[in-house]
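> Take a look at the following structure, please.
FYI, it's all coordinate maths here, none of it is from the lab. Remember, predicted model here, so these are calculated numbers, not experimental data. Counting neighbours? That spans all protein chains shown, and the Cβs are built from the backbone with ideal geometry, glycine included.
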Amino acid sequence: MSVRIRKIVTILEETLIEEGRPVSPPTRRAAAVAVIENPLAGRYVEDLSELFAAGEELGGLLGERARAALDIPGPSVESFGKAAAVGADGGLEHAAALLHPKLGAPLRALLGKGAALIPSSKKRAGPGATFDIPLGHKDAARVRSHFDGMEVSIADAPRADEIAIAVALTDSGRPHPRVGGLRKADVKGEDGLV
Amino acid sequence: MADIKVRKFVTVVEEILHEGGPPAAVPPRRAVVAAVIENPFAGRYVDDIMGLMDDLKPLGIEMATRLVKALGGDAGVVEGYGKGAIVGEAGELEHGALWHNPGGYAMRELLGGAKAIVPSAKKVGGLGAKIDIPITHINASYVRSHFDAIEIGIGDAPRRDEMVLILAMTTGARVHARVGGLKKEDIKAGDGLR
């Protein structure tokens, strides 16, 4: 790993009842979060390629941890998302460098497919901050039942010179979807939208 | 789980590689499982609440089993434990106290008759409330390297009429433990304390 990882946290959430009605089978979503040292904290550095490379490694590692938490094969994953919380002495562009240039390819390789844009969010925050990982269907961004988000937080991260970076995967959409739109059964999965 | 309605399970596993010091040869792991259940006593004072204690036993076993599975499936790796409850605002602290017996005994049984009392915390809280679950060694409460705590909270729980029940297990000492005290190698009395 090109950056130093302090800890890795995996979160699995399983919803059995929503709005008083059973969810069968339960919907499940998993997030894997790595807390890494930010090698560029506290100074302005033009070239962020060090973080591009770290993003590539973390895309594979965190994707695999989240998949393992769901305990399903990669192609059975239905939606995905990513997010980063940068500590006080880092820049939002550091989060962008981890998330955008290279993280997606190894994650999609793990899932077998994944034509859609991976929805993302980023913020600067202190230890214990909650951040929300947006979720969307992995093959067709317009699948309305799979628009969702997963909140995560780590009590002791990110410290000022750290970044918490997260990948979330699901085996399902929202518990009782009923607002219409493109259905997952009708996905073509070619252009990433429909 | 005869009368227990679980709305959601959340499982969190943390793997700690270092905390600024030398990387651990075997990174300690900490796992927490939380169940969001309906509080049958919410909104009124019920004098005799003891029946729920027995009803919670199967849930205790289920959650302890999930924890061991989240740590790789071998109960032999578990060295520390703790438990807790967050009661939604239409309930009272005493409802959380019902978790001591079924939560504690489930873990001790699964871990082969662990001797130490299971440390605990409880509170009344709203959605997203966090609680620090205290952790001590499973066979001797005075093992100083294993004094720890894990923060846990769920974004959408507990609602007014819910409780979040929590169990936690760890696989080792704090990552850079070095403040002396009783060592795990020196446990001898078998009294659960030393």
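> Please determine, in degrees from 0 to 90 and to the nearest 10, the orientation of helix B:100-110 with respect to the longest principal axis defined by the Cα atoms of chain B, where the helix direction is its Cα long axis.
Once rounded, one gets 40 degrees.
> Can you give me the relative contact order of segment A:62-137 as a percent, contacts being Cα pairs under 8 Å and 6 or more apart?
Across segment A:62-137, relative contact order equals 44 percent.
> Compute the long axis of helix B:57-70 from its Cα atoms, compare it with the longest principal axis of the Cα atoms of chain B, and write down the angle in degrees, 0 to 90, nearest 10.
Roughly 40 degrees between the two axes.
> I would also like to ask the following. How big is the gap, in Å, between the Cα center of segment B:113-160 and the Cα center of segment A:46-67?
Cα centroid to Cα centroid, the span is 33 Å.
> If I model a spin label as a point 7 Å beyond the Cα along the Cα-Cβ vector, how far apart are those points for B:Tyr45 and A:Leu193 in nm?
Spacing of the two 7 Å Cα→Cβ label points: 6.3 nm.
> Grab the other residues whose beta carbon is less than 9 angstrom from that of B:Ala85, score K and R as +1, D and E as -1, and report the net.
Net charge around B:Ala85: +3.
> Quote the Stokes-Einstein diffusion coefficient, in whole µm² s⁻¹, for segment A:80-194, based on the Kirkwood radius over alpha carbon pairs, a temperature of 4 °C and a viscosity of 1.567 mPa s.
87
> So which GluC sites (Glu not before Pro) in segment A:1-91 end up in coil per DSSP with only 10 or fewer other C-beta atoms within 10 Å?
A:Glu19, A:Glu46
> Take every Cα pair under 8 Å in chain A that's 6+ residues apart, average their separations, divide by the length, and report that relative contact order as a whole percent.
Relative contact order, chain A: 28 percent.
> Right, here's the next one. Among A:Lys184/B:Lys5; A:Lys123/A:Lys184; B:Lys130/B:Lys183; B:Lys115/B:Lys183; B:Lys69/B:Lys122, which pairs are too far apart, with a Cα-Cα distance over 19 Å?
A:Lys184/B:Lys5; A:Lys123/A:Lys184; B:Lys130/B:Lys183; B:Lys69/B:Lys122
> Still on this model: I need the shape label for the protein assembly as shown. Rule: rounded when a/c is under 1.5, else prolate if a/b > b/c, else oblate, with a, b, c from the alpha carbon gyration tensor.
oblate
> Determine, for A:Arg183, B:Arg7, the number of other Cβ atoms within 10 Å of each Cβ, and report the residues in order from fewest to most.
Ascending Cβ contact count within 10 Å gives the list A:Arg183, B:Arg7.
> Give me the percent relative contact order of chain B, please, defined on Cα pairs under 8 angstrom at least 6 residues apart.
27
> Run the helix sum for chain B: -39,500 (n - 2.57) per DSSP H stretch of 4+ residues, divided by residue count, reported at 222 nm to the nearest 500 deg cm²/dmol.
-5000 deg cm²/dmol
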